[in-house]
Structures are given as structure tokens and as C-alpha cells.
Amino acid sequence: MTGLPTSVLRPSLLKVAGHPWFRRLATQTTPGRAVALRFVAGETLEEAMTVARDLDRGRVTAMLDHLGENVATLIQADTARDDYLSALAAIGRAPMLDCAVSIKLTQLGLDASVDDCLTRVWPVLEAAAETSTVVMIDMESHPYVDGTLEVLRRACDRFPKTGICLQAYLKRTAQDIFDLPPGVRVRLVKGAYLEPPDLVYTAKDEVNRRWAELFTTLLARGHPIDAATHDPRLVEGVRRMVDPLEAGWSRVEFQMLYGVRRDLQAQLARQGYPIRVYVPYGTEWYPYLTRRLAERPANMWFFFSNLVRRG
Ligand SMILES: Cc1cc2nc3c(=O)[nH]c(=O)nc-3n(C[C@H](O)[C@H](O)[C@H](O)COP(=O)(O)OP(=O)(O)OC[C@H]3O[C@@H](n4cnc5c(N)ncnc54)[C@H](O)[C@@H]3O)c2cc1C
């Protein structure tokens, strides 16, 4: 299972994880939930804030993500907006904690329309502005990229500190970065979705090369950048590029996912680099878990061995 490259296995693993029987195994069995807890801070906001405080003690900042995507009704989108408002209120009550927020637009009604989505994004951005909390917009699968960039442009007109995630595996990203609002904060990732092969680079080396090129372009164009990767070679490349720049680390930070490469997170924090961890929480953790399982075949192995071991 570990002999094949991840880029070959990932699409199959994502397909397996998409099956209803697999979903039942993951969500309704104790081993399934145990594996989820490796990547998810918990089901409640309180649990997420506890994780944020623990990270803070290790000089790591946090970014809360209330899990959920592709809501079925606009009432669910309203609930998601309210959940984010609660998260922002909790952040406001913890002024010593450096805690950002990340939102997914299909959780806030993007499937209905950009305008529908914006009616829920505005109150979130207004509440975030009151406590100077950074709000980042996650990037979802390719059909949502245009809508997401449109929301970003309109959001930035009123709230210029809103940031966006861009995916290096997507071929169009090389053009999209030239159409971004000037100076907007960008989280650069490799990309986590199962996409048609003609729209993305599929070979791991190619994606890594694109990530490095995009990072360089974003840096040259003056964007604040969140270097969101656990890839040691890319982390090293970023360090080499940013270390010599005067005040370089005032506009670049590392970002990693909760439960992934904790050793590297701690090492960077010890060395004094800015590092923020994405802290997902909530009851709708299954789609997020499938992406984490597929990123590393060993995670799937861990999942199944847990199932067997615990009967
Ligand atoms: C802060 C943050 C926000 C993100 N937001 C988005 C988003 O909005 N949209 C989007 O499409 N993607 C997002 N991603 C996910 C991203 O696209 C990648 O799928 C993910 O980060 C894995 O890629 P990598 O750069 O770490 O490199 P990889 O080459 O996948 O991994 C490098 C090394 O990191 C470790 N590793 C990586 N993933 C795992 C894992 N799941 N379990 C255990 N070890 C692992 C392994 O040691 C691996 O060898 C986000 C990632 C981060 C860190």
C-alpha cells in the first residue's frame, strides 16, 4: 500500500472514502471516530478554543475552521454563519490569543449564488473587523473557484484584510494570481480535492515546482503569504528565500494542519518562525477527514488497522 506514489493512490483513496459504507465505518464506529480525532480538534467551539490555548503555550498561533461544506439548505447556511459569529465572539473574549478564522463559502450558501453567500459573509467580516481578526477564505473544488474569487474581490472592497487560499495543483492559479486584489493575503496550498486531470497538475514533482514558483511570484508582487505546507523541502525553500529579506517574516508565516507534522510545527516555533495551525472543529468532520486520509496512504492503513484491532 505504501509502495505506490501518493499522487497515483490519492484519487482512488478519495473515491473509496466517498462510498457510503466507508462513511458509515468512519462516523459510526469507535475506531473511525478515534482516527478523526487525530485531525479534528473536537466537535465543539470550547474544544477548539482549548486547542488554540494549548498551541499558544507552544508559541504556535491558531486559525479556527468550523467544519461544514455544501450545505443542503440556506437555513443550514444561516446556522453556519451563526457558528462563525460565536467563534468570533469567543476570540473576542480571549484578546491575548492570536487566533484567525477560516471560512468555506459552500457552507455559507455559495451553491445558491454569490449574492446569497455574501449576505452571510458580511456579518462574519463585520464581527471579525471589530476584533481585528483575520478571515481567510478556503478554496474548494474547481467549480467554486470563480465564485470564491468574486466573493473575495467584493469582500476586499470593504474589508481589505480578507485573505484567500490558492491551490498550486490547479493550472489556472498561475493566471488567477495576476487578477487578485493588490496586497491581498494569500494562503498557498498544493490542493486537496479530486479534480479532472486536465485541470490540475497530477505529478507530485510538478505540483511542488508550481508551488515554489507561485510562492516566488506572490512574494515579488508584495502579497502577505501563508506558506501552508508540511513538505520539508518546500519549508526549507521558503526559509532560504525569506530569511535574508529585511522584515520578510512580517509578511510570511508557515501554516500547517492540526495533527499533521506536529514535530515540524514545534521545531519551527522553537526556532522563532511564525507558525499557525489550522484547527478544524464541529460535527461535520467527515469530508475533511476523507481529504486527510487520502493525502497519506499510511493514514488509511492506520484507519483500517484500528478497525481490525478494536474489532
Ligand atoms: C493551513 C492549511 C490550510 C489548507 N487549506 C486548504 C484549502 O483551503 N483548500 C485546499 O484544497 N487544500 C487546503 N489545504 C490542504 C493542502 O491542499 C494539502 O492537501 C495538504 O496540506 C497536504 O499537502 P502538503 O503541502 O503538506 O504536501 P504533501 O506532499 O501532501 O505532504 C508532505 C508531508 O507532510 C505530511 N503530511 C501531509 N498531509 C498529511 C496527512 N494528511 N497526514 C499525515 N501526514 C501528512 C507527510 O509527512 C508528507 O510526506 C490546506 C493545508 C493547510 C496546511
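The values are calculated or read from the model by the stated rules, or taken from the named source; none is laboratory data. All of these numbers come straight from a predicted model, not from anything done at the bench. Please note: Cβ atoms are built from the backbone with ideal geometry, for glycine as well, and neighbour counts cover all protein chains shown. Note: areas computed on protein heavy atoms with side chains; ligands, DNA, RNA excluded. Shrake-Rupley method; radii C 1.70, N 1.55, O 1.52, S 1.80 Å.
In this structure, the amide hydrogen of MET136, modeled 1.01 Å from its nitrogen in the peptide plane, lies closer than 5 angstrom to those of VAL101, SER102, ILE103, GLY163, counting only residues at least 5 positions away or on a different chain. A 1.4 Å probe run over the protein chains yields, for the range 96-250, 43 Å² of accessible area per residue, whole-number rounding. For the chain, the relative contact order works out to 27 percent when only alpha carbon pairs closer than 8 Å and six or more residues apart are counted. Extension gain for GLU46-PHE159 works out to 37.9 nm (0.36 nm per residue, less the C-alpha to C-alpha distance).
Taking the DSSP beta bridges with both ends in the range 41-284, the antiparallel portion is around 5 percent. Each residue of the range 72-85 was assigned a 3J(HN,Hα) from its phi angle through the Karplus expression (A = 6.51, B = -1.76, C = 1.60, θ = phi - 60°), giving 7, 9, 6, 5, 5, 5, 4, 5, 4, 4, 5, 5, 5, 5 Hz with x at Gly and Pro. Ellipticity at 222 nm from helices only: DSSP H runs of n ≥ 4 in the chain, each -39500 (n - 2.57), divided by the residue count, give -16000 deg cm²/dmol.
The listed residues PHE39, PHE178, once ranked by accessible area (1.4 Å probe) with the largest placed first, stand as PHE178, PHE39.
In this calculation the C-beta distance from LEU245 to PHE178 is compared with R0 = 25 Å, giving a FRET efficiency of 0.70. When the accessible area of the chain is computed with all protein chains present and a 1.4 Å probe, what percentage of it is carbon and sulfur? Carbon and sulfur: 55 percent of the exposed surface of the chain. Backbone phi angles across the range 177-189, fed through the Karplus curve with coefficients 6.51, -1.76 and 1.60 (θ = phi - 60°), yield HN-Hα couplings of 5, 7, 9, 6, x, x, x, 5, 6, 10, 9, 9, 10 Hz in residue order; Gly and Pro are listed as x.
The distance between label points at ASN70 and THR283 comes to 2.0 nm (points 7 Å beyond Cα on the Cα→Cβ vector). For the chain, rounded, prolate or oblate, judged on the Cα gyration tensor with a ≥ b ≥ c (square roots of eigenvalues), a/c < 1.5 rounded, else prolate if a/b > b/c? Rounded.
Between ARG53, ARG187, ARG23, the residue with the greatest mean-square fluctuation in the GNM of the chain (Cα pairs under 10 Å linked by springs) is ARG23.
For the range 87-104, putting each phi into the Karplus relation 6.51 cos²θ - 1.76 cosθ + 1.60 with θ = phi - 60° gives couplings of 4, 5, 5, 5, 5, x, 7, 10, x, 7, 8, 8, 9, 9, 9, 10, 10, 10 Hz, in residue order, rounded to whole numbers and with x for Gly and Pro. A crude spin-label estimate for the pair ALA112 and GLU213, with each label 7 Å from Cα along the Cβ direction, gives 4.0 nm.
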